[in-house]
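No value in this document is a laboratory result; all are computed from the given coordinates. If you're wondering where the values come from, they're calculated on a predicted model, not measured in any experiment. All Cβ positions, even for glycine, are placed from backbone atoms using ideal geometry, and neighbour counts span all protein chains on display.
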Amino acid sequence: MKRYLCGVDLGGTKLSAGIFNADGTVVDKRKVFDHKDLDCDGITNRVIALIRELLDNNGIMDEDLQGIGICMAGHVNYKKGLLITSSNFKAGFNNYPIREKVARKFRTHVILDNDANAQAYGELMFGAGRNFSDLIFLTVSTGVGCGIIVDRKLIRGMTGTAGEVGHTIVDPHSDVMCSCGNHGCLMSLSSGQYLAGMYRKYLAAGEKSSIGVDLSNVDDFNGMMMRRGLEDDDVISRKVLADSASAVGIGVYNLFQVLNPEIFIIGGGLTNCGEIYFDMIEEKFLSLVKKMMYDKIEIRPSALGNSAGLLGAAALTLEQV
Ligand SMILES: [Zn+2]
């Protein structure tokens with residue numbers, strides 16, 4: 001009987017795999033950190049070995065699985081099961097057929113998707129989105145990821161790269177250039193890798209840091225330091241957080257107008273700044289939406305947190321059931 005779900009979250013630093021019951025409760029899981037310097041085949045073999053080990057340790061047969069869901073940070077061709085490219089690994093990948101390579105070793109079907117889609121689906125099945133059918137999941141961490149669910153189905157586009165909301169432009173006049181080469185992308189105005197630049201702007205304008213950040217060490221400024229700054233009432237940290245929240249609020253507004261979801265679920269490292277971040281996002285959203293909101297809409301934190309990717313990857317095996 002297909003009573004278990006298997007999920008794999010393949011990240012640049014951490015590789016985790018888990019077996020779950022159909023209700024999302026965990027049977028067993030493992031994580032390793034020894035894959036990141038391997039080549040494409042090496043990483044794939046590490047994934048295969050980890051899944052096999054979990055199955056063997058728990059006496060579970062391939063046939064007992066609903067399937068294996070693999071999620072990874074990168075551009076994924078969902079239909080063909082290819083990893084198009086990912087900046088998170090030394091191995092370049094490059095349309096690498098990871099789904100097929102894993103599928104050859106197991107007598108069950110295998111799904112490959114990007115991590116934001118998996119997290120969105122995990123929230124829908126087991127997290128903050130359980131009672132909803134139209135939701136948008138946004139993660140604001142090193143970058144910005146997004147998974148869009150309409151009528152309980154993931155929107156993937158032609159091959160699977162839909163939802164790249166991080167590169168939607170929220171301020172075309174911004175002087176901040178995104179890694180993609182455009183100016184004012186949501187990612188470049190809100191995510192962790194751009195926080196130092198945001199802090200630098202205020203220092204250069206003459207504002208004083210109360211947590212010892214100056215132009216000589218500002219490149220070290222990150223989300224963790226921002227949380228400390230908020231605790232210490234550092235004015236610049238608060239402004240950086242407000243700028244990030246404002247960009248996310250504009251992103252939420254734009255998505256709201258396009259898709260009319262019931263709920264936005266927001267996860268990722270920056271949400272560790274707490275309720276104040278959500279309040280700022282909501283404030284920006286409401287200032288833009290004015291009287292154009294005809295239905296109740298919620299903005300909530302992720303309920304699955306760090307395990308959203310792994311559980312979400314496992315949940316993807318239920319998608320076609
Ligand atoms: Zn961009």
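Yes or no: D233 acidic (D, E) and in contact with a helix residue (DSSP H, G or I) (Cβ under 6 Å, 6 or more places away or on another chain)? Outline the logic, then answer.
Values: acidic (D, E): yes; in contact with a helix residue (DSSP H, G or I) (Cβ under 6 Å, 6 or more places away or on another chain): no.
So D233 does not fit the description; no.
Does any residue of segment 78-87 turn out to be hydrophobic (A, V, I, L, M, F, W, C), part of a strand (DSSP E or B) and within 23 Å of G267 (Cβ to Cβ)? Even if it seems obvious, please write down each step before you answer.
First pass over segment 78-87, keeping only residues hydrophobic (A, V, I, L, M, F, W, C): 82-84.
From what is left, the residues that are part of a strand (DSSP E or B) are 82-84.
From the residues that got through so far, the ones that are within 23 Å of G267 (Cβ to Cβ) too are 83.
The answer is yes; a qualifying residue exists.
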**Request:** State whether one or more residues within segment 224-236 are crowded, with 22+ Cβ neighbours inside 10 Å and either basic (K, R) or in contact with an Asp or Glu (Cβ under 8 Å, 6 or more places away or on another chain) (or both).
**Result:** yes
**Request:** Residue by residue through segment 178-205, note down the ones that are farther than 18 Å from I250 by Cβ, outside any helix (DSSP H, G or I) and more than 8 Å from the ligand (Cβ to nearest atom).
**Result:** A205
**Request:** Find the residue count for segment 160-177, including only residues that are more than 10 Å from the ligand (Cβ to nearest atom) and either under 17 Å from the mean Cα position of the chain (by Cα) or within 25 Å of Q119 (Cα to Cα) (or both).
**Result:** 6
**Message:** I'd like the residue in segment 92-151 that is acidic (D, E) and under 13 Å from I70 (Cβ atoms) and, out of all such residues, is nearest to the chain's Cα centre (by Cα).
**Reply:** D115
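Scanning for something among the small types (G, A, S), surrounded by fewer than 19 Cβ atoms within 10 Å (Cβ to Cβ) and farther than 25 Å from C185 by Cβ, does segment 115-130 turn up at least one residue?
Pass one, segment 115-130, residues among the small types (G, A, S): 116, 118, 120, 122, 127-129.
If we keep only those that are surrounded by fewer than 19 Cβ atoms within 10 Å (Cβ to Cβ) too, we end up with none.
Within segment 115-130 (the criterion being among the small types (G, A, S), surrounded by fewer than 19 Cβ atoms within 10 Å (Cβ to Cβ) and farther than 25 Å from C185 by Cβ), the answer is no, since none of the residues qualifies.
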**Prompt:** From S141, S133, which residue is within 16 Å of the ligand (Cβ to nearest atom) and among the small types (G, A, S)?
**Reply:** S141
